[in-house]
1. Within segment 122-138, is there a residue that is in contact with a helix residue (DSSP H, G or I) (Cβ under 6 Å, 6 or more places away or on another chain), over 13 Å from residue 226 (Cβ atoms), at pLDDT below 95 and crowded, with 18+ Cβ neighbours inside 10 Å?
2. Scan segment 227-247 for residues that are touching a helix residue (DSSP H, G or I) at 6+ places or on another chain (Cβ under 9 Å) and under 17 Å from residue 98 (Cβ atoms) and jot them down.
3. From (1) touching a helix residue (DSSP H, G or I) at 6+ places or on another chain (Cβ under 7 Å); (2) crowded, with 20+ Cβ neighbours inside 10 Å; (3) over 22 Å from residue 92 (Cα atoms), pick out the condition that doesn't hold for residue 201.
4. I want to confirm something. Restricting to segment 204-224 and keeping residues that are in a strand (DSSP E or B) and either surrounded by fewer than 19 Cβ atoms within 10 Å (Cβ to Cβ) or within 12 Å of the chain's Cα centre (by Cα) (or both), which single residue is modelled with the lowest pLDDT?
5. Let me confirm something: among 45, 66, 96, 23, which residue is over 26 Å from the mean Cα position of the chain (by Cα), more than 20 Å from residue 251 (Cβ to Cβ), touching a residue at least 40 places away in the same chain (Cβ under 8 Å) and buried (at least 16 other Cβ atoms within 10 Å of the Cβ)?
6. Would you pick out the residues in segment 26-42 that are surrounded by 14 or more Cβ atoms within 10 Å (Cβ to Cβ) and assigned to a loop (DSSP other than H, G, I, E, B)?
7. Check 154, 189 and return the single one that is over 14 Å from the mean Cα position of the chain (by Cα) and without any contact (Cβ under 8 Å) to a residue 12 or more places away in the chain.
């Protein structure tokens, strides 16, 4: 049975008005009209549980027909995806709904000196979203964006001398910056807040921060370009545990798959039981409140030569090998699995061989495939992993099609 996480016991009158409006908008889309024809009304959570689940392609069909417009200010169009999946489009009004986030989540204060490390390139919303949040906080802010590897040292010195207190970015970017700082022996004693959005938290990043900025604590936002910020967490919460905003309704299905309904009347995207591909469960947070534990994406399993491989588990396992800063899997059209390894510091010349021996000798995962087909595995030590130039994200899995 589906379970809902909502700040009230059931839908309020304002919520009912919103769900009715969402239903009317979706019924007006010719390609979706039949799907919603049998839904009479959504006045309770029980009614909502009977509504169809919306997938990404459904939302894109709806947006192509509706082409939403904000009542006031600019209608901003942003794009998500493009790393390993097809790009998705989302709409938002000026402000990107960050007034609600600031009202319930105090990651920055007026006393902070904040570095925005999210990439500003090519229609990804995270950089602009963080700037909108900084506007509400009233802090000093710097738009840094992406950094090249040879820029780390001068920028880290700049952060130190400017007494930067807060830094934000995807964990992929943060890991590279603070991993370098740790290796170089750089200390940032004034840094106290690290804001993150766009990927799951990397435990190795926590280890780097403990060495570089002993006072730093993580503050997370969870969402997507289609849903915008759904939930937040604080240093008092586990990294995988989130508190939904009052305008966001979370549903956990029997299969643990999550779907979201946006109750914000200013919401431009028709988010009604929208499934993102994430799994989760409702738990009691360490801070004492009911919350959402995100278990990760359920599309993280791949079938490789007849065996199911958990991409996240394999990447995490390789990351525990001494000398490995981070790893990435690349599957090619000729059924070759490449493991790209980003070395940590002065890794030895045997790093690729050590990683290969570890994988082949493992008691789990695809080891049996490589024991029988040693030519199917290739390990390469690289200077940089494959990432999205627009967002700075580095996916665990990249698929290449030869020819």
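1. Looking for residues that are in contact with a helix residue (DSSP H, G or I) (Cβ under 6 Å, 6 or more places away or on another chain), over 13 Å from residue 226 (Cβ atoms), at pLDDT below 95 and crowded, with 18+ Cβ neighbours inside 10 Å, one finds none in segment 122-138, hence no.
2. If the condition is that a residue be touching a helix residue (DSSP H, G or I) at 6+ places or on another chain (Cβ under 9 Å) and under 17 Å from residue 98 (Cβ atoms), then 228, 229, 232, 243, 245, 246, 247 are the ones that fit.
3. Tallying (1) touching a helix residue (DSSP H, G or I) at 6+ places or on another chain (Cβ under 7 Å); (2) crowded, with 20+ Cβ neighbours inside 10 Å; (3) over 22 Å from residue 92 (Cα atoms), residue 201 fails exactly one: (2).
4. Filtering first and then ranking leaves 224.
5. 66
6. The answer is 28, 29, 39, 42.
7. 154
The values are calculated or read from the model by the stated rules, or taken from the named source; none is laboratory data. Keep in mind that this is a model prediction, so the values were computed, not measured. Positions of Cβ are backbone-derived with ideal geometry, glycine not excepted, and every protein chain shown enters the neighbour counts.
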